[in-house]
Amino acid sequence: MKVLSLIFTLVISVAVSPVGLAFADEGVTDKKTASLEEIKLSISPSFTLKDADHVINGVALRNRTSGWIPLRGIPIGSTVKQAFLYYNFSDGSEIGDRKSSVLFDGNRVDGTKTADNTDPCWSMAGNHTYRADVTSFIPATNPNGDYEVVIDFNKRTSTTGQNPWSPGESQTKRLEGATLLIVFCNESTSGKVVLIYDKLTGSEFSGSAIFNLSHPALSGNGLFSMSGADGQRGGGHDNGASNETGTFNGTQFSGPPVAASDWDGSAGWPLPQLWDVHTHIVKLDGTCSTVEYTAGGDCLVPVVFILGNF
C-alpha cells in the first residue's frame, strides 16, 4: 500500500483521484510520484437524534470475513434509541451495489450504501460504505457487549489472515472493517443532541481534507467520533505512516505531538490495521464545525462522523 511523495495541493469542492500512481499487487509501491490533492466538503447530518448520547467501536476485517466488536460505555438504565452498523470494502466497481448483506450477531441484515469513493490505493476500482439498521438486535436491558459481524463474499475475498502487505494475495474484494454506533438516552441525556454524518461520497483523500459539518447552534463541550478505512502504522510492523494530524475548529486533537493519529489503523492492531474508530472531547461553537486532517500521502476513506454536545 501507499507511501506517496512530491506534495502539492489543490482546493476543490469534491475529491479528485490521485494521478501518476504506480501500483503493486498489494497497493501503491513506495517508489513513485503523485499529486496529493486537498479536498473540501460541506456535509449536512443524515440523522439528528435529540435527548441522546452515543458510543462507538469497530473491528478491522482485512484478510478475514468475520470479527467481534466490543461495544462499551452505555450507562446502566439507558434505552437504545438507534443502532447502526457501518462496513466498508473495495472491489472492481467504481459504483457499488445499492444494497449489501451481512450477518450481525447471527442475524442477516441488508445495508444501504451511503458512499462511493476512490479505492485507497489497493489497485481496485472503487470503495463503498454501507449502513445497516441493527437496533432490533441490541439487547434492551444491557446493550454493552461483544457483537459478531460476518461479511462473506463467496471466496472473492481472503480468509488467510496474513499481513495485508505480503505479496501475492489475489482478491476481487478487499474488506476494510465494520463499526457499530449506538445512540442511547437516559436521565442525563436531556437537552443533548447526536448528529450523524455519513453522506461521504467523494471524501477519500491522501493530502489534506477539510470537512465542514453543519448543525444547529451548539456551544461548549462536545464529543466528536469518527470511523475511517485504511489507516495504518506503516507497511506492517513499522511506524512510517501514522503521523496524520487532525484539528477541530482550528484546535489540534489528534496526531503528534498532541496524541495518536486518527488514522493509525488501531482498530486492527497489531495486524491487519486498516480500520479506525476514535472519540474526542472538543469545543463546539456556532452552526458549523470544521474537521481538518493532513494525511501526508496515506490514502484514507472517512466512513462516518458523529457530533454530540455535553
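Derivation of every value follows stated rules applied to the coordinates shown; laboratory data play no part. Because the structure is a prediction, the values reported are computed rather than measured. Glycine gets a Cβ as well: all are built from the backbone with ideal geometry, and neighbour counts include every protein chain shown.
Starting from the Cα coordinates of the range 188-310, work out the convex hull volume and express it per residue in Å³.
Numbers: hull volume 12.5 nm³, N = 123.
That works out to 102 Å³ per residue.
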| So for the pair R156, N186, with labels modelled 7 Å out along Cα→Cβ, what separation do we get in nm? | 4.3
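State to the nearest 20 debye the size of the charge dipole of the chain about its Cα centre, where the only charges are +1 on K and R beta carbons and -1 on D and E beta carbons.
Values: 22 positive and 32 negative charges, 72 e Å.
Computed charge dipole of the chain: roughly 340 debye.
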| note | Checked against the positive end of the charge dipole of the chain (+1 on Cβ of Lys and Arg, -1 on Cβ of Asp and Glu, about the Cα centre), the farthest of S206, L307, I138 is I138
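Once you have a ≥ b ≥ c as the square roots of the Cα gyration tensor eigenvalues for the chain, tell me rounded if a/c is under 1.5, and otherwise prolate or oblate according to whether a/b is larger than b/c. Please report the intermediate quantities before stating the final value.
Working: a/c = 1.80, a/b = 1.23, b/c = 1.46.
Judged from the Cα gyration tensor, the chain comes out oblate (a/c at least 1.5, b/c at or above a/b).
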| Which listed residue (I182, T129, W165) has the Cα farthest towards the positive end of the charge dipole for the range 51-187, taking +1 on Lys and Arg C-beta and -1 on Asp and Glu C-beta about the Cα centre? | W165
| query | Say the dipole of the chain comes from +1 at the beta carbon of Lys and Arg and -1 at that of Asp and Glu; which of H215, Q273, G92 then lies farthest toward its positive end? | reply | H215
| Whole-Å semi-axes of the range 119-241's equivalent ellipsoid (Cα gyration tensor) | 32, 21, 14
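Charges only on Cβ, +1 for Lys and Arg, -1 for Asp and Glu: so what's the dipole of the range 51-187 about the Cα centre, in debye to the nearest 20? All intermediate terms of the calculation are to be shown ahead of the outcome.
Values: 13 positive and 16 negative charges, 69 e Å.
Roughly 340 debye for the range 51-187.
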| field | Net charge, G202 excluded, C-beta distance under 15 Å - Lys, Arg +1, Asp, Glu -1 | value | -4
| field | R0 of 25 Å, Cβ-Cβ distance H237-W68: FRET efficiency to nearest 0.05 | value | 0.60
| request: Please list the non-local residues whose amide H lies under 5 Å from the amide H of N57, H modeled 1.01 Å from N, same-chain partners needing a gap of 5 or more. | output: L180
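May I ask for the net charge around N212, where only other residues with Cβ less than 14 Å from the Cβ of N212 are counted and Lys, Arg are +1 while Asp, Glu are -1? Don't jump to the answer; show the numbers that get you there.
On the way: positive: K40, K199; negative: E38, D285, E292.
That sum, taken over residues with Cβ under 14 Å, equals -1.
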| field | Free-standing Cys residues across the chain, given no other cysteine C-beta under 4.7 angstrom | value | C185, C288
| note | Here the gain from full extension of I76 to E94, 0.36 nm per residue of separation minus their alpha-carbon distance, amounts to 2.1 nm
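Working from the pairwise distances between different alpha carbons, so that the mean of 1/r is found and then inverted, what is the range 51-187's Kirkwood radius in Å?
On the way: mean 1/r = 0.0637 Å⁻¹.
Every distinct Cα pair counted, the radius reaches 15.7 Å.
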